[in-house]
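Q: Sharing a structure below in structure tokens format, with a few things to ask.
The values are calculated or read from the model by the stated rules, or taken from the named source; none is laboratory data. From a predicted model like this one, the values you see are computed outputs, not experimental measurements. Note that each Cβ is placed from the backbone with ideal geometry, even for glycine, and that neighbours are counted across all protein chains shown. Areas reflect the complete protein model, heavy atoms only, side chains present, ligands, DNA and RNA absent. Shrake-Rupley method; radii C 1.70, N 1.55, O 1.52, S 1.80 Å.
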Amino acid sequence: MVIYESCAIGSGSQANNPLLQELPDPITKATWDHYVTISLKDAEALGIENDAEGRTQLVTITANGKSVSVAALVQPGQAPGTLGVALGYGRTNVGLVGKGIGANVYPLLTAGESLGYSITSGVKIEKTETAFQIAQTQIHQTYMGRANVVQESILSDYLSNPNEWNDKAPKITSWDKKVPPGSLSMWKGHEYKNHHWGMAIDLNTCTGCGSCVVACNVENNVALVGKEEVINRREMHWLRIDRYYSSEADVEDYQGLEKASDNPEVVFQPMLCQHCNNAPCETVCPVAATTHSTEGLNQMTYNRCIGTRYCANNCPYKVRRFNWFKYHDNQKFLQANPAMNTDLGRMVLNPDVTVRSRGVMEKCSFCAQRIQAGKLNAKKERRPVQDGEVVTACQAACSTGAIVFGDMNDPESKISKLLEIDHYMEVEKDGKVEKVFNHTIDKKIGNPRAYRVLEEIGVKPNIFYLTKIRNKDKDSKNA
Amino acid sequence: MQATSSVRETLITGGKTVRDVSEDISRHVENKPNRLWWIAFGFSLILFGFGFYCLAALLWDGIGLWGLNKTVGWAWDITNFVWWVGIGHAGTLISAILLLFRQKWRMSINRAAEAMTIFAVICAATFPLAHMGRLWLGFYWALPLPNTWGSLWVNFNSPLLWDVFAISTYFTVSLVFWYIGLIPDFAVIRDRATRMGHKTRAAIYNALSFGWDGAAKTWMRYESVALILAGLSTPLVLSVHTIVSFDFATSIVPGWHTTIFPPYFVAGAIFSGFAMVLTLLIVTRKVFKLEDYITIYHIELMNIIIIITGSIVGIAYITEFFVAWYGMVPAEFYAFYNRATGPYWWAYWSMMTCNVISPQLFWFKKIRTNIAATFVLSIIVNIGMWFERFVIIVTSIHRDYLPSSWSMFYPTIYDMGEYIFTFGLFFTAFFLFAKFFPVINMAEVKSIIKSSSEQKH
Amino acid sequence: MSSTSEKFLVGIFDDEDILLHGVEGVRGKGVKIHEVYSPFPVHGLDEALGYKRTRLPIAAFLFGLTGTILAVTMQFWMLGFDWPMIIGGKNFVSLPPFIPVIFELTVLLSALGMVATFLIVSDMKAL
């Protein structure tokens, strides 16, 4: 049995921090809960049933003569015969937030053993009949072999053909040839004459730690909703990290694809509003509460929103969040969301961002307040906005630099260089071909790793992902 | 003088005369309601009251009382909305399209069917209203009204806005059409009340009939108005469910984004609407002893329409599957695969059983002329049609593009309470209608009494 | 009514066919028929009385046309001129998404206008 410090609340020192309690664990995606991870084989042997929605049973773990009772969570890829349980829960002298969550596993450790070490002998586990539901933010394990969601490659393949994914991408038939789906349009589209904000997220460097999620919560006054609402699948995170396990099943075997393989590979995909240039959410809003700015932002006007939720249904990325209840100024959410429900707590809210009320939709704004601040600063100093001046909260928090944000209309910006954007396009004018600056939404991307999620549905997001490439050369040598 | 056709079947049985028609139908308006009526009405009020409590709680606390979540933004609310709107379609179809086709058999049933339309549309409208996060603003912000933001208007690209226009137009025009039909009959009740010396009743029904006199010129204009209203209602009724289906068809959700939806929805609407008309009329003819006016022949004709529309719906289901497979769009195919085999397989197969298989029983003349069988099957059809909308809405969005967001929908007591509320509303309104309004169009029935009545010799 | 030199004749019929033949016969003899009242529409009576076709269909058409024009101008003006917004990357204005509202307003105004006209010309009022 391995006893480890939880990724979010650490040794327990952060157990009273609701931001971290609600931060999903990178791997299990569990929030607000304490659990022991167990392999599928052992769970079956013990008769533990842990369904996709986190319904499970409590188990009693005994070690060193002490026993605790925690929920069992079946973890794909865990070696049979091992258990993993986090420290930091079950604190008795803790504030309102951390009260009554999980069990204290410090007593299981003997004096000689230090934290994070394993107890190798004398660990007993017994199933109880008490039902328990773990609040997880993601209840489907795999990406169902959908290459339009996650693109993965291995180094040797990538080196031999960097355009592998571009070649494999779905094509549609035009009058005479097959073309990429985005290249056909019924309308001309608008041009962004000034800025064109965009983001690139590198799936290679993302570690799934979740600091961007916390940064986003703090920056944008995102409401925390507590365990019950997470079980109701109503967490408000504007930015989430999708964790997908690999599956060994064939792409057409839908039943098989639902299950993660025994020893899965994991891919993390930060998912936030894609700021689609042809946004499906905007079209369906009856009151024009969500519209596009002339800088490529998909804007949400909270004041105007009447809460039909049609935009969320029509969002292919499911990044829109609805205020099901009044999460602020509501004693029912005092434990989960003290920052909005106590006078002292309200001091930590970001004054630049509205607190959303009940019945309205909200979502990632690309930190519109930061963009605005950057533009105003530049204006005061009578100069154009410089690259790196506007930094989104998630970008600032990312320790590996996986998130790059900037102006795609600026040829010198980091994002332009990363995506290798060709800023000029050829236009035929009076019989002559001229090169003009490309202000349209269709930027020519040079980086072969760059792709947009669900490219073929033609919503043309402003967020690009960079294909995950694994180095498996060592494995192939062994084989 | 009596001309009875040997080709046409008798529409009115029992050898009724013009006087009998007035007598049989006005009687319910004039007499005190019977016990059965009070029991039924009281039960409806209880449903209404419970539902009203759930609705009030929803408005007070928020939409979170329903079982919706970040992935499934619509479930019972829009399912019920589409279901009720669909039911409403039969009334307009019977009174408008059958009028244009000169189908005389409609005359005994059109009044009740139109009333059903009005009440069903009211019930339907409660859902898009209640499902809004901010109803207190949404009910007028969705209209193109000048406002304090200067020139902030509505989004005419949104199918929901088209719905606002379609549903309100449909409701208004149906109401006017129904009321126009009621005017001469109100006058009949007024005249009878005058003769019987009921001054108050005479005054009320005189006002309701706009002082109708029955002059030849008025009748001429009246018939012209009815015909044009029918002509306007026919494309209108087809447009309404077409536009409702646009809510789904114009979206990009796999399983919603289907060009077959408009005709498929319209057929489904007529299918469920006729079933509801049957359910109501089988009860009404029994309670008010109107068996001579609403005959087995009427019921059989309606059952034939149910077979036709049920089969159209069945073909649409199969076509959808075929196109999902043939189209080779993985997300689209998965949506349909998931419908039939995923976590909501039971809803899908309930739909298939109730909508496609059960109406085929009406091919047997014995079944389609049997009152009890018709009654049971008419309810089964509406259960199936409810599942159809549930399947389309929930199974499509609960697993769409990104598997990370896939989730399940579990209804709460408030989801059910809202549905019960509309049942209470519908039946309360229908029983009030049956008591205070003539349930059969007397003027029209009288005009066919000579040609289509069974005569005593 | 005050004139005593005119003669009035009131006939009551209990069968519409007899009524119809009666009307034709009386009119054939040159007698002016003041009015015919009936509890249900009698087909052919308007022709027998020599009434001209009602112009209500024309009213319905004109009201419908008003609705069409109103809907077209409203939508193009609001989204195209008064406050153009980028919605879903689409053009500010285009005809296809405007058709449903155009159709509905046409029907609505046509129906309401015609019925109002009918009530006014037939001198029908609630009280």
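Q: State whether the residues of segment A:128-146 include one that is open to solvent by 70 Å² or more (accessible area, probe 1.4 Å) and farther than 30 Å from A:ALA52 by Cα.
A: Here is the first cut: in segment A:128-146, the ones open to solvent by 70 Å² or more (accessible area, probe 1.4 Å) are A:129-131.
Cutting the leftovers down to farther than 30 Å from A:ALA52 by Cα gives us none.
Taking every residue of segment A:128-146 in turn, none turns out to be open to solvent by 70 Å² or more (accessible area, probe 1.4 Å) and farther than 30 Å from A:ALA52 by Cα.
Q: Whether any residue in segment B:230-237 is open to solvent by less than 20 Å² (accessible area, probe 1.4 Å), closer than 30 Å to A:ASN313 by Cα and assigned to a helix (DSSP H, G or I) is what I want to check.
A: yes
Q: Here is a list: B:ILE304, B:ILE270, B:ILE243. Which entry is farther than 30 Å from B:ILE39 by Cα, in a helix (DSSP H, G or I), over 17 Å from the mean Cα position of the chain (by Cα) and among the β-branched types (Val, Ile, Thr)? Write out each step before concluding.
A: Details: B:ILE270 fails: over 17 Å from the mean Cα position of the chain (by Cα); B:ILE243 fails: over 17 Å from the mean Cα position of the chain (by Cα).
Just a single option satisfies the conditions, and that option is B:ILE304.
Q: Could I ask something else about it? Evaluate the following for A:ALA279: is it among the aliphatic types (A, V, I, L, M) and at the interface with another protein chain (Cβ under 8 Å from one of its Cβ atoms)? Spell out how you get there, then give the answer.
A: Values: among the aliphatic types (A, V, I, L, M): yes; at the interface with another protein chain (Cβ under 8 Å from one of its Cβ atoms): yes.
For A:ALA279, the condition - among the aliphatic types (A, V, I, L, M) and at the interface with another protein chain (Cβ under 8 Å from one of its Cβ atoms) - is met.
Q: Identify all residues within segment B:307-331 that are touching a residue at least 12 places away in the same chain (Cβ under 8 Å), in a helix (DSSP H, G or I) and more than 19 Å from the chain's Cα centre (by Cα); write none if there are none. Walk me through it before giving the result.
A: Here is the first cut: in segment B:307-331, the residues touching a residue at least 12 places away in the same chain (Cβ under 8 Å) are B:307, B:309-314, B:316-317, B:319-321, B:323-324, B:329, B:331.
Next, only the ones that are in a helix (DSSP H, G or I) stay: B:307, B:309-314, B:316-317, B:319-321, B:323-324, B:331.
Within segment B:307-331, B:SER311, B:GLY314, B:ALA316, B:TYR317, B:THR319, B:GLU320, B:PHE321, B:VAL323, B:ALA324, B:ALA331 qualify.
Q: Turning to a different aspect of this structure: Could you tell me which numbered condition A:SER13 fails, if it satisfies all but one of (1) open to solvent by 20 Å² or more (accessible area, probe 1.4 Å); (2) in contact with a His (Cβ under 9 Å, 6 or more places away or on another chain)?
A: (2)
Q: Count, please, the residues in segment B:223-233 that happen to be touching a residue at least 40 places away in the same chain (Cβ under 8 Å) and facing another protein chain (nearest Cβ under 7 Å).
A: Our first condition is that a residue be touching a residue at least 40 places away in the same chain (Cβ under 8 Å); within segment B:223-233, this holds for B:225-227, B:229-233.
If we keep only those that are facing another protein chain (nearest Cβ under 7 Å) too, we end up with B:225, B:229, B:232.
Within segment B:223-233, residues that are touching a residue at least 40 places away in the same chain (Cβ under 8 Å) and facing another protein chain (nearest Cβ under 7 Å) number 3.
Q: Do we find a residue being farther than 25 Å from B:PHE186 by Cβ, surrounded by fewer than 17 Cβ atoms within 10 Å (Cβ to Cβ) and at pLDDT below 95 anywhere in segment B:389-397?
A: If we filter segment B:389-397 for residues that are farther than 25 Å from B:PHE186 by Cβ, which is where we start, we get B:389-397.
Next, only the ones that are surrounded by fewer than 17 Cβ atoms within 10 Å (Cβ to Cβ) stay: none.
No: segment B:389-397 contains no residue that is farther than 25 Å from B:PHE186 by Cβ, surrounded by fewer than 17 Cβ atoms within 10 Å (Cβ to Cβ) and at pLDDT below 95.
Q: Determine whether segment C:105-114 contains at least one residue that is among the small types (Gly, Ala, Ser), surrounded by fewer than 21 Cβ atoms within 10 Å (Cβ to Cβ), more than 14 Å from chain A (Cβ to nearest Cβ) and free of Cβ contacts under 8 Å to residues at least 60 places away in the same chain.
A: Yes, that holds for at least one residue.
Q: Let me ask another. Check A:ASP430, A:ASP442, A:ASP407, A:ASP343 and return the single one that is in contact (Cβ under 8 Å) with a residue 12 or more places away in the chain and open to solvent by 50 Å² or more (accessible area, probe 1.4 Å). Talk me through it step by step, then tell me what you get.
A: Values: A:ASP430 fails: in contact (Cβ under 8 Å) with a residue 12 or more places away in the chain; A:ASP407 fails: open to solvent by 50 Å² or more (accessible area, probe 1.4 Å); A:ASP343 fails: in contact (Cβ under 8 Å) with a residue 12 or more places away in the chain.
After ruling out the rest, the residue left standing is A:ASP442.
Q: With respect to A:GLY359, is the statement that it is on the phi > 0 side of the Ramachandran plot, more than 22 Å from the chain's Cα centre (by Cα) and away from chain B (no Cβ under 14 Å) true? Full working, then the answer.
A: Numbers: on the phi > 0 side of the Ramachandran plot: yes; more than 22 Å from the chain's Cα centre (by Cα): yes; away from chain B (no Cβ under 14 Å): no.
Answer is no for this residue.
Q: In segment A:362-455, which helices (runs of 4 or more DSSP H) lie fully inside it and hold 1 or more residues that are out of contact with any Cys (no Cβ under 7 Å at 6 or more places or on another chain) and within 24 Å of A:PRO181 (Cα to Cα)? Quick ask: steps written out before the conclusion?
A: On the way: elements: A:368-380, A:393-397, A:414-419.
In segment A:362-455, the matching helices (runs of 4 or more DSSP H) lie at A:414-419.
Q: While we're here: In contact (Cβ under 8 Å) with a residue 24 or more places away in the chain and among the acidic types (Asp, Glu): which single residue out of C:GLU6, C:GLU35, C:GLU16 fits that description? Walk me through how you get there before you give the answer.
A: Numbers: C:GLU6 fails: in contact (Cβ under 8 Å) with a residue 24 or more places away in the chain; C:GLU35 fails: in contact (Cβ under 8 Å) with a residue 24 or more places away in the chain.
Sole residue among the options that is in contact (Cβ under 8 Å) with a residue 24 or more places away in the chain and among the acidic types (Asp, Glu): C:GLU16.
Q: On the basis of being surrounded by fewer than 21 Cβ atoms within 10 Å (Cβ to Cβ), of a type in the set (Gly, Ala, Ser) and over 15 Å from A:THR283 (Cα atoms), does C:ALA71 make the cut? Even if it seems obvious, please write down each step before you answer.
A: On the way: surrounded by fewer than 21 Cβ atoms within 10 Å (Cβ to Cβ): no; of a type in the set (Gly, Ala, Ser): yes; over 15 Å from A:THR283 (Cα atoms): yes.
No.
Q: Here's a follow-up. Keeping to segment C:5-34, report how many residues are open to solvent by 60 Å² or more (accessible area, probe 1.4 Å) and either closer than 19 Å to B:GLU223 by Cα or within 21 Å of the chain's Cα centre (by Cα) (or both).
A: Counting residues in segment C:5-34 that are open to solvent by 60 Å² or more (accessible area, probe 1.4 Å) and either closer than 19 Å to B:GLU223 by Cα or within 21 Å of the chain's Cα centre (by Cα) (or both) gives 0.
Q: Would you point out which residue out of A:THR308, A:THR290 is among the hydroxyl-bearing types (Ser, Thr, Tyr) and open to solvent by 10 Å² or more (accessible area, probe 1.4 Å)? Spell out the reasoning first.
A: Details: A:THR290 fails: open to solvent by 10 Å² or more (accessible area, probe 1.4 Å).
Being among the hydroxyl-bearing types (Ser, Thr, Tyr) and open to solvent by 10 Å² or more (accessible area, probe 1.4 Å) holds for just one of A:THR308, A:THR290, which is A:THR308.
Results for (1) facing chain A (nearest Cβ under 10 Å); (2) open to solvent by less than 30 Å² (accessible area, probe 1.4 Å); (3) without any contact (Cβ under 8 Å) to a residue 24 or more places away in the chain; (4) not polar (S, T, N, Q), shown as yes or no for each residue.
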residue: B:PHE127; (1), (2), (3), (4): no, yes, no, yes
residue: B:ALA130; (1), (2), (3), (4): no, yes, no, yes
residue: B:GLY133; (1), (2), (3), (4): yes, yes, no, yes
residue: B:GLY138; (1), (2), (3), (4): yes, yes, yes, yes
residue: B:PRO146; (1), (2), (3), (4): no, no, yes, yes
residue: B:SER158; (1), (2), (3), (4): yes, yes, yes, no
residue: B:ALA166; (1), (2), (3), (4): no, yes, no, yes
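Q: Note down all Cβ pairs under 7 Å where the first residue falls in segment B:178-201 and is of a type in the set (Asp, Glu), the second is in a helix (DSSP H, G or I), and they're at least six residues apart or on different chains.
A: Pairs that qualify, where the first residue is of a type in the set (Asp, Glu) and the partner is in a helix (DSSP H, G or I), are B:ASP185/B:MET442; B:ASP185/B:ALA443.
Q: Report the residue count in segment B:109-125 for those that are open to solvent by 20 Å² or more (accessible area, probe 1.4 Å) and either touching a Pro at 6+ places or on another chain (Cβ under 8 Å) or closer than 17 Å to B:ILE78 by Cβ (or both).
A: 2
Q: Restricting to segment B:277-301, and then to whatever is basic (Lys, Arg) and either in contact with a Gly (Cβ under 6 Å, 6 or more places away or on another chain) or outside any loop (DSSP other than H, G, I, E, B) (or both), can you tell me which residue is least open to solvent (accessible area, probe 1.4 Å)?
A: Within segment B:277-301, the subset basic (Lys, Arg) is B:285-286, B:289.
Checking which are either in contact with a Gly (Cβ under 6 Å, 6 or more places away or on another chain) or outside any loop (DSSP other than H, G, I, E, B) (or both) leaves us with B:285-286.
Details: B:ARG285: 25, B:LYS286: 140 Å².
If we take residues in segment B:277-301 being basic (Lys, Arg) and either in contact with a Gly (Cβ under 6 Å, 6 or more places away or on another chain) or outside any loop (DSSP other than H, G, I, E, B) (or both), then B:ARG285 is least open to solvent (accessible area, probe 1.4 Å).
Q: If you don't mind, another one. Do we have A:GLY77 as modelled with pLDDT of 85 or more, surrounded by fewer than 17 Cβ atoms within 10 Å (Cβ to Cβ), closer than 27 Å to A:GLU258 by Cα and not aliphatic (A, V, I, L, M) here?
A: Working: modelled with pLDDT of 85 or more: yes; surrounded by fewer than 17 Cβ atoms within 10 Å (Cβ to Cβ): no; closer than 27 Å to A:GLU258 by Cα: yes; not aliphatic (A, V, I, L, M): yes.
So A:GLY77 fails the test.
Q: Of the residues that sit in segment A:46-68 and are outside any loop (DSSP other than H, G, I, E, B) and within 31 Å of the chain's Cα centre (by Cα), which one is surrounded by the most Cβ atoms within 10 Å (Cβ to Cβ)? Show your work before the answer.
A: Step one: of segment A:46-68, the residues outside any loop (DSSP other than H, G, I, E, B) are A:46, A:55-63, A:66-68.
The next check asks that each one be within 31 Å of the chain's Cα centre (by Cα); those that pass are A:55-59.
On the way: A:ARG55: 14, A:THR56: 23, A:GLN57: 18, A:LEU58: 20, A:VAL59: 25.
Checking each candidate, the answer is A:VAL59.
Q: Of the conditions (1) in contact (Cβ under 8 Å) with a residue 40 or more places away in the chain; (2) over 24 Å from the mean Cα position of the chain (by Cα), A:ASP167 clears all except one; give me its number.
A: Unmet for A:ASP167, out of (1) in contact (Cβ under 8 Å) with a residue 40 or more places away in the chain; (2) over 24 Å from the mean Cα position of the chain (by Cα): (1).
Q: Which helices (runs of 4 or more DSSP H) sit wholly inside segment A:227-339 and have at least 1 residues that are more than 19 Å from B:THR71 (Cβ to Cβ) and of a type in the set (D, E, K, R)?
A: Working: elements: A:254-257, A:280-284, A:310-313.
Fully inside segment A:227-339 and qualifying: A:280-284.
Q: Out of all the residues in segment B:190-205, is one or more at the interface with chain C (Cβ under 7 Å from one of its Cβ atoms), open to solvent by less than 30 Å² (accessible area, probe 1.4 Å) and under 30 Å from B:THR126 (Cα atoms)?
A: At the first step, the residues of segment B:190-205 found to be at the interface with chain C (Cβ under 7 Å from one of its Cβ atoms) are none.
For segment B:190-205, residues at the interface with chain C (Cβ under 7 Å from one of its Cβ atoms), open to solvent by less than 30 Å² (accessible area, probe 1.4 Å) and under 30 Å from B:THR126 (Cα atoms): absent.
Q: I'd like the full set of residues that are assigned to a helix (DSSP H, G or I) and open to solvent by less than 10 Å² (accessible area, probe 1.4 Å), limited to segment B:65-77.
A: We begin by selecting, within segment B:65-77, every residue assigned to a helix (DSSP H, G or I); these are B:65, B:76-77.
B:ASP77, the sole residue that qualifies.
Q: Among (1) away from chain B (no Cβ under 14 Å); (2) in contact (Cβ under 8 Å) with a residue 40 or more places away in the chain, where does A:SER174 come up short?
A: So A:SER174 meets the others, but not (2).
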